[in-house]
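The values are calculated or read from the model by the stated rules, or taken from the named source; none is laboratory data. The shown structure was predicted, so the numbers you read here are calculated from the model rather than taken from an experiment. Cβ placement follows ideal geometry from the backbone for every residue including glycine, while neighbour counts extend to all protein chains displayed.
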Amino acid sequence: MTALARSIFKSILLILNILIFNNILSQTVPKNIDKNNDVADSINIRKDSLAIKKDTIIPKEQLDDVAKMKAEGKITSSITNKQTTLHKKAQIIYQDMQIDADYIRYEWETGKIYARGEQDEKGKIITPAIATQAGKKYEYSEVIYNTKTKQAIAFNARTEESEGVIVAKKTKKYNDSVFVMNNAIMTTDEYFIKKKDSLPDYHISANYIKLLKGKKNSQVVTGPFQFFIEQVPTPLVLPFAILPFSDKRAAGILMPSFGERQDVGFFLNGLGYYQPIGDHFDLKLLTDIYTKGSWNFKPELNYLKKYRYSGNFAADYGTTIRGIKGLDDYSKAKTFRIAWRHSQDSKANPYLTFNASVDIVSGRNFYTNTVNNSYAFNGSVLNTQQNSRVSMTKRFLKLPVTINASMSYSQNFSTGNTDIRLPEMTVAINQFYLFKPKTGVRTGLLENINVNTGLALSNYVTTTESEVFKKEMWDALKTGAKNNISLSTNTTVAKYFTFSLSANADNVLTTKTLERSYNPLTNAVEDDYKKGIAGYTTFSTSASLQTVLYGQKQFGKKSPIVAVRHMVTPSMSFTYSPDFGAKGWGYFKDYSNARGEMTPYSIFDGGIYGAPSSGLTQSVGFNIANNLEMKVRSKSDSTGVKKVKIFENLNVSGGYNFAAEKNKWSVFTVNGQSSFFNNKLNVNTSLTLEPYRIAFTEGSDTGVRTEDFGHFSLQGFNMQLSYPMSEAIFGKKEELSKKYKKKGEIRNENYFFDDDNYSHYTPTWTLNVNANYSYTRSLTRLGTKVATIGLDGSIKLTPYWNINGSTNYDVEAKTLGYTRLGFARDQRSFTITFNWVPFGQYKVYDFFIGIKANILKDAVKYKERSFTQPNSTF
């Protein structure tokens, strides 16, 4: 070959190489589909193909960027068909797109790539093709990708987003932000995502899913979908869903629980919508729907500002329908509840704090009539009183003053009365010492004199629900002011005694005084409050002496008891208070009763700060506190000795009033507190003894105290016992890890298995037993008894099953009280809960499925989910 011929031949080869490398990353849509593949290889590799190296860099030239490709098998290019194929662990990288597959075909002119996963002998994909773009990983059986338009069509695609995954038979990528999928399922099952399990424990199935990807958040929009559990279809079918794939709060549907309540029928409870509002607010709109016509609407607005405050506003409004319209058992009741919680962070402002806990219901029958089942399961139906309070406290950096202002509202469901304090304010001067030394420790009575003083303003009224904020309430409102000054001091006497002195004075102003009279027409005593400023002053003083005595008994070495120690703290006090019922003070008047007798009363009776006491007080009081402990020998203790408390506290107290005209002795009280069985069993007791004989007249069940001292009678007794138990009381738990070496795989990883492959797990449980017995007699002929036993506990049968419940039994009435049972099952990526009140007025059951994944926490997780859950009002 001549030099000219060789030169021409080299030029032709150069031109061919340029043509190949300029188009090497182009893709094409396959033209044929065969039985084994959704998209068949439509480009035949001819004998005139030109082999290239297994690791090649495509020069940029007419391409947008440099491309790289490699394969473990052969890489061939066909000039005739203008295509390149890569076999066995093939890879192509272009810009931010990387495709790894068993087979890749690239068409130069169209810029299309066809990639396919590894096939078995029957043509089934056994290893998927993988595409990685912008840090996201996608798996396919087959994919067609256009490098020019950035669009793609994929078959059997698996797309992972945040904590979720979508698997679709066909996926079309329009751009980097929009993916449309057909015949798809979506789940957040961690085991399925990590490929520990081939089937998800739950999934949402839809014919149409659109994935919208943003820079920070992604969102899934579906057409009609159905919820599946362990591949079993459920009745939960919805026309559409908008689900966030984001760790941030996002709007979504709140899934309900469902069940049946005996009086109002089947229900969906807590169905609603969640909407975040900016960075500091979110809104939940919940509703309860019942088959017999009852309904309930529950909006809740939550707010949070980190390191400042948090809280929420909530309402509960509904209609409860019972029975059949037209029949005698038909009833219809409207209920409402308004609640507000506000909590200020302690670091926000140490000198000004504001807190609110407002909870107002429609009336004493609210819990009886409401169809919000949450109150039955959390025990709120047992409430006898509803309290609300708003308070603000102001402190000063350089002034020893604390100002507190508050408003309160209390509803008593037993009496139907409502107590309102609107507003109240106290100005307190911080405690200070009159003669505090500049240096050193305070000693003696003089240097220990401390002063506490303050001013209180209050407005108070007790009214009924029907009169709240009406003229009748304002007419009954009581207003007053009170100033208190107290001084106290103490010192040590004779090394072993503590001597204390104190004095207290109250100055009270009120805007109303009482005039009491007997009306012979109605045969009743009538109270009439007159408007006008009036006031009174009371004062008292006291002195006390206290010491501590110890006694200890040692036992021999052979005795199981090492020692017993008895500590006694006796104290005695003297109290003096004038007789403010004397005429000279002007605090008391007389009225003529039904028998014409002059009966004294205080013009301040029923006042906002009460009335002064009548009768001279010159009384001596005593209190003897006992603590009894012993040390016993114990092999289980490292020291060989264990301390046992017999009585943690046993107090005996009483008093004697020298100035009393009769019944100088007061009642005697005994209070005890102790614990047994390694401080597990707690026992609290109280006893009241009447030292005088109680005399009863014939036909009367109420007696009077006589002067016959020494006839002690039981006037009251109360005992409370509580004992928390668990599996630990049966000794140390068996360590399964030492006995069995084999653990399960995947879901069974919390179990140990023996040689016969039987699973072993030690159940854990708790059981709190409490009992209460009380007897009250006072001056009545017959006393009243109350005796109850309560149980509250839970048991974890397996790592994934939990049962809990509570009940109580009235021993006197022989009836079973409020009882609740709850079951919870952990199903990997979601939980199933079942709550049940089996009998009584609030007989109901409730079933709920809650998904755990954080990305769905605002859409299909738990009804109560929000960033202010700890302060939630409901």
Exercise. If we scan the range 769-776, do we find a residue that is surrounded by fewer than 16 Cβ atoms within 10 Å (Cβ to Cβ), more than 23 Å from G716 (Cα to Cα), within 28 Å of the chain's Cα centre (by Cα) and touching a residue at least 40 places away in the same chain (Cβ under 8 Å)?
Worked result: yes
For this session: May I ask you to list the residues in the range 293-313 that are within 15 Å of A339 (Cβ to Cβ) and either of a type in the set (S, T, Y) or not in a strand (DSSP E or B) (or both)?
Result: Y303, S310
Exercise. Can you pull out the residues in the range 329-355 that are surrounded by fewer than 18 Cβ atoms within 10 Å (Cβ to Cβ) and closer than 18 Å to Y409 by Cβ?
Worked result: F336, I338, H342, F354, N355
Seminar exercise, completed: Residue hits (the range 630-645; crowded, with 16+ Cβ neighbours inside 10 Å and within 41 Å of the chain's Cα centre (by Cα)) are V644
Seminar exercise, completed: Listed by range, strands (runs of 3 or more DSSP E) wholly within the range 555-665 having at least 1 residues that are within 30 Å of G710 (Cβ to Cβ) and touching a Gly at 6+ places or on another chain (Cβ under 7 Å) are 561-577, 617-633, 641-657
Seminar exercise, completed: Filtering the range 481-533 down to residues that are part of a loop (DSSP other than H, G, I, E, B) and either out of contact with any Ser or Thr (no Cβ under 6 Å at 6 or more places or on another chain) or buried (at least 16 other Cβ atoms within 10 Å of the Cβ) (or both) yields A494, K495, P520, L521, T522, N523
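Please pick out the residue among S488, S502, S517 that is polar (S, T, N, Q) and in contact (Cβ under 8 Å) with a residue 60 or more places away in the chain.
S517
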For this session: Would you be able to say whether some residue in the range 185-198 is of a type in the set (G, A, S) and either touching a residue at least 12 places away in the same chain (Cβ under 8 Å) or within 25 Å of R105 (Cα to Cα) (or both)?
Result: no
Exercise. Using beta carbons and a limit of 8 Å, which pairs, at least six apart or on different chains, have the first residue in the range 286-297 and of a type in the set (A, V, I, L, M) and the second one part of a loop (DSSP other than H, G, I, E, B)?
Worked result: L286/K863
For this session: Have a look at T415, T402 and point out the one that is surrounded by fewer than 17 Cβ atoms within 10 Å (Cβ to Cβ), touching a Lys or Arg at 6+ places or on another chain (Cβ under 7 Å) and of a type in the set (V, I, T).
Result: T402
Seminar exercise, completed: Restricted to the range 647-668 and to residues being crowded, with 16+ Cβ neighbours inside 10 Å and of a type in the set (A, V, I, L, M), the residue nearest to the chain's Cα centre (by Cα) is L650
Problem set entry | Residues satisfying the stated conditions in the range 457-480, i.e. within 14 Å of K512 (Cα to Cα) and assigned to a strand (DSSP E or B) | S458, N459, Y460, V461, K478, T479, G480
Problem set entry | Filtered residues of the range 669-687 (kept if of a type in the set (G, A, S) and crowded, with 17+ Cβ neighbours inside 10 Å) | G672, S674, S675
Seminar exercise, completed: Listed by first then second residue, the pairs whose first member lies in the range 216-242 and is more than 27 Å from K136 (Cα to Cα), whose partner is exposed (fewer than 11 other Cβ atoms within 10 Å of the Cβ) and not aliphatic (A, V, I, L, M), with beta carbons under 9 Å and at least 6 positions apart or on separate chains, are P224/P239; Q226/P235
For this session: Among the strands (runs of 3 or more DSSP E) lying completely within the range 41-144, list those that include at least 3 residues that are at pLDDT below 80.
Result: 55-58
Exercise. Looking at (1) buried (at least 16 other Cβ atoms within 10 Å of the Cβ); (2) farther than 30 Å from N623 by Cα; (3) of a type in the set (S, T, N, Q), which is the only condition N748 fails?
Worked result: (1)
For this session: Please specify each residue of the range 276-292 satisfying the condition of being over 21 Å from I321 (Cβ atoms) and either under 21 Å from the mean Cα position of the chain (by Cα) or not in a strand (DSSP E or B) (or both).
Result: P276, G278, D279, H280, F281, D282, L283, K284, L285
Exercise. Could you list, in sequence order, the residues of the range 131-160 that are surrounded by fewer than 19 Cβ atoms within 10 Å (Cβ to Cβ), under 44 Å from the mean Cα position of the chain (by Cα) and on the phi < 0 side of the Ramachandran plot?
Worked result: T132, Q133, K136, K137, E160
Exercise. Yes or no: A625 surrounded by 16 or more Cβ atoms within 10 Å (Cβ to Cβ) and in contact (Cβ under 8 Å) with a residue 24 or more places away in the chain?
Worked result: yes
Seminar exercise, completed: Result of the Cβ filter at 6 Å on the range 359-371, keeping first residues that are assigned to a strand (DSSP E or B) and partners that are basic (K, R), at least 6 apart or interchain, is V361/R337
